[in-house]
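The values are calculated or read from the model by the stated rules, or taken from the named source; none is laboratory data. Bear in mind that the values here come from a model prediction, so they are computed numbers and not experimental data. Here the Cβ positions follow ideal geometry from the backbone for every residue, glycine too, while neighbour counts run over all protein chains shown.
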Amino acid sequence: MLTMQDFKTHYQFTDDDALLLKELQPLAREYKERLADEFYDYLLGMPETASLIKDEATLKRLKATHQSWFIGLFSGVYDNQTLHMLQRIGHAHVRVGLNAHFVNSSMYVIRQFALNMIQEHYADREERRSMRIALEKMLDINLDIMTASYREEELKKVFVSHRLESKLISATERFTYGLNLALVLALAGVSLSVVSLFVWDLVHIFQGDMEKSILSALGSLLILWMMIELMDNEIKNLKGGHFNILVFIGVIIVALIREILISTLRHDALETQVFLAGTLLILGIVYFLVAKSQQLKS
């Protein structure tokens with residue numbers, strides 16, 4: 001945390017600068033009302049700042065506050081109490097929602113007013129130059145401290161947002177991982193069911209319905225093979241690999257082939273077999289296009 005002495009050191013503000021500003025305080029007292037009038041005429045001329053000055057009582061209070069701050073610029077004493085006062089001013093600007101841009105542009109207006117004040121009352125060029133340099137250092141220090149409140153506020157927002165975002169992403173990743181793990185377990189369960197179906201088809205072979213049972217068993221083996229591919233794909237996905245949509249399309253194609261084999265043995269209606277064959281053709285085209293697209297990407 002920077003102290004007021006740190007700010008003065010960084011801006012090369014010396015004790016001689018403080019004495020020069022102290023000499024200007026009587027003049028600043030003479031000009032304080034004129035400063036307040038010109039400053040608030042400037043603010044009232046912009047919709048963004050005029051909307052913050054709600055009534056005459058607010059305007060009067062703010063003018064008195066700025067007159068006090070203006071005289072304080074030339075106090076000659078700049079310690080941590082001054083630092084805390086400027087920080088409170090900065091926080092007040094943040095609370096009322098004043099954009100930092102208007103703090104900077106307002107300081108420009110005050111800077112020009114104060115420099116003109118020196119120009120009007122000091123004929124000696126070197127004296128004016130020394131006072132101008134001292135004044136600009138102090139105005140820059142004031143602006144730095146006040147606008148730091150905006151930086152702190154932005155950092156708080158970014159910090160809170162970053163923490164919330166990190167926790168949300170972490171929770172979502174854990175949830176997605178859990179879903180993938182559940183999917184692998186479900187696939188394992190379905191694979192066991194396919195194995196049972198294959199065993200059941202083998203039993204039917206020895207019960208006399210050989211042709212139909214052999215084709216059904218062959219279809220079950222094809223599905224089991226695709227289930228193994230599907231599980232392997234999901235395991236790779238859990239390990240951080242890429243999702244392969246071709247495996248899922250392949251499972252559907254194999255299941256459809258099995259259904260076509262069984263439909264043929266059942267002597268289903270021609271429309272049903274044409275529909276199944278057409279669906280298989282469409283899935284084959286989709287599989288080809290997806291595979292081609294993946295080859296182009298790689």
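Which helices (runs of 4 or more DSSP H) does region 1-90 wholly contain that include 3 or more residues that are loosely packed, with under 12 Cβ neighbours inside 10 Å and in the same structural domain as Ser105 (by TED's automatic domain parsing)?
15-23, 25-44, 56-72
Within region 98-127, track down each residue that is of a type in the set (Gly, Ala, Ser) and under 12 Å from Leu35 (Cβ atoms).
Ser106, Ala114
Being within 16 Å of Gln25 (Cβ to Cβ), free of Cβ contacts under 8 Å to residues at least 12 places away in the same chain and under 43 Å from the mean Cα position of the chain (by Cα) is the filter here, so list the residues in region 106-137 that pass it.
none
Considering only residues that are surrounded by fewer than 15 Cβ atoms within 10 Å (Cβ to Cβ) and of a type in the set (Lys, Arg), look in region 124-142 and name the one that is farthest from Val109 (Cα to Cα).
The extreme case among them is Arg125.
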